[in-house]
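Enquirer: Dropping the structure in here first, questions after.
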Amino acid sequence: MANADTQSPGIINSVAAINTNEAWAVGNTLRNDLYDQTLFEHWNGKIWQVIPGATIPQTNPATHAVPMGVAEIATNNVWVVGRIFNIITGNQPLIEHWNGTNWRLVPAARGTSQLQGISALASNNIWALGSSGGGTDQSSSLPLVENWNGVAWSAIKTPINTSTTQFSAIVALSSNNVWIAGEQGNATLFEHWNGTDWSITPSPNITVSQGFSTTYMNSIRALTPDDIWSVGYVNNYSSSGSINIPLIEHWNGKTWKLIQSPAGNIVLSAVAGHTAHDVWAIGYQPGQTIFEHWNGKNWSLVAVPELQGATLNDLTIIPNSSGLLVGGGTFGTELPILADHF
């Protein structure tokens, strides 16, 4: 297991790898309890190294840059998306590109927006999602999808365009097969791109018996066109208090189905898999790090003592290996966590 070689307070939000010798992790350094500077770490097969990001113009009050997603196409073609925030001007999009030598800022399609996730098919076909508008409190923000054609980013129209819609994660399998996971009101939302248009695909929801609930889909990953996983959680408020219910959904090529997760007050953050019989999900419950494994029939909890006490935000498979790359941060001390090959 290899950990990030940095003691700068911060957290890892997203990870990507193309082989055992090439990986990136992105997040934030922490200053005065605010995530205010980008943190880019690169794995060269031996060590993790902090690589300076593009210079973010600073204003007064301070501007805070928050990378949320990373996609690696090649050693000289890596993309990062997120947001640049100022308490007066609100959110602006953050898009950075690595050309093998340095990071540079790239204009987004929408000026007042924030980007949450990214998925890359090729150097001229990259998808990103998030929200646009909404001012400083994001109360009236609208869902946003953008596509990179090799020259510029452009906004792509989606079926639902209301402030109750939230896009959380995206995965692209081909030019005519892209999926979005998110929420519409308090329900799960999955949208599919067929190469021409986006359409909504029906999906089940967890029903609570008491109180009211809020649904969150955090991650979506595909092994094949008919083997796609999405994870998140349902927060249930009732007279007895608040509890999180883990949420796992699977696409079998025809329908989305709920799949039973081990019970617990669990938030699932991300999912990734090597094969149909080897899929992992990560998350946390109060005071405990969560790893779940799918063996082709059932999900089960797996103990990983080395990472207990960490908040885990993302994971990805390491191609041509049996390993995973996990990113997050530690409770309290807020040091970046990067672990692989467990």
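Enquirer: Which condition number does Thr207 fail, the rest of (1) over 19 Å from the mean Cα position of the chain (by Cα); (2) of a type outside the set (Lys, Arg); (3) closer than 30 Å to Gly241 by Cα; (4) surrounded by 13 or more Cβ atoms within 10 Å (Cβ to Cβ) being met?
Expert: For Thr207, the exception is condition (4).
Enquirer: I'd like to check something: does segment 187-195 contain any residue that is more than 20 Å from Ala155 (Cα to Cα), charged (D, E, K, R) and crowded, with 21+ Cβ neighbours inside 10 Å?
Expert: Within segment 187-195, none of the residues are more than 20 Å from Ala155 (Cα to Cα), charged (D, E, K, R) and crowded, with 21+ Cβ neighbours inside 10 Å.
Enquirer: Of the residues that sit in segment 1-19 and are of a type in the set (A, V, I, L, M) and over 18 Å from Ser119 (Cβ atoms), which one is modelled with the lowest pLDDT?
Expert: Met1
Enquirer: For the condition farther than 30 Å from Leu223 by Cβ and assigned to a strand (DSSP E or B), what is the one hit in Asn161, Asn91?
Expert: After ruling out the rest, the residue left standing is Asn91.
Enquirer: Would it be correct to say that Ser154 is outside any loop (DSSP other than H, G, I, E, B), surrounded by fewer than 17 Cβ atoms within 10 Å (Cβ to Cβ), in contact (Cβ under 8 Å) with a residue 12 or more places away in the chain and of a type outside the set (Val, Ile, Thr)?
Expert: The answer is yes for Ser154.
Enquirer: Looking only at segment 48-103, count every residue that is hydrophobic (A, V, I, L, M, F, W, C) and without any contact (Cβ under 8 Å) to a residue 12 or more places away in the chain and tell me the total.
Expert: Number satisfying all stated conditions: 0.
Enquirer: I would also like to ask the following. Return the pair list, or none, for Cβ contacts closer than 9 Å from residues in segment 230-255 that are closer than 22 Å to Lys297 by Cβ to residues that are surrounded by fewer than 16 Cβ atoms within 10 Å (Cβ to Cβ) and small (Gly, Ala, Ser), at least 6 apart or on different chains.
Expert: Ile245/Ala263; Pro246/Ala263
Enquirer: For residues that are at pLDDT 90 or above and of a type in the set (Val, Ile, Thr), scanning just segment 290-339, find the one that is nearest to the chain's Cα centre (by Cα).
Expert: The residue in question is Thr316.
Enquirer: With segment 271-310 as the region, which strands (runs of 3 or more DSSP E) entirely inside it contain at least 2 residues that are out of contact with any Lys or Arg (no Cβ under 7 Å at 6 or more places or on another chain) and closer than 18 Å to Ile12 by Cα?
Expert: 278-285, 288-294
Enquirer: For segment 217-235, name all the residues that are surrounded by fewer than 21 Cβ atoms within 10 Å (Cβ to Cβ), touching a Gly at 6+ places or on another chain (Cβ under 6 Å) and in a strand (DSSP E or B).
Expert: Correct list: Leu223 only.
Enquirer: Can you tell me which of Pro93, Pro107 is surrounded by 24 or more Cβ atoms within 10 Å (Cβ to Cβ) and farther than 21 Å from Trp179 by Cα?
Expert: It is Pro93.
Enquirer: A further question follows. I'd like the full set of residues that are surrounded by 20 or more Cβ atoms within 10 Å (Cβ to Cβ) and among the aromatic types (Phe, Trp, Tyr), limited to segment 236-269.
Expert: Trp251 - this is the single residue of segment 236-269 that is surrounded by 20 or more Cβ atoms within 10 Å (Cβ to Cβ) and among the aromatic types (Phe, Trp, Tyr).
Enquirer: In segment 20-35, which residue that is over 20 Å from the mean Cα position of the chain (by Cα) and either at pLDDT 90 or above or within 25 Å of Ile318 (Cα to Cα) (or both) is surrounded by the most Cβ atoms within 10 Å (Cβ to Cβ)?
Expert: Here the residue is Thr20.
The values are calculated or read from the model by the stated rules, or taken from the named source; none is laboratory data. Since this is a predicted model, take the numbers as computed values, not measurements. Cβ coordinates were reconstructed from backbone atoms using ideal geometry, including for glycine residues, and neighbour counts include every protein chain displayed.
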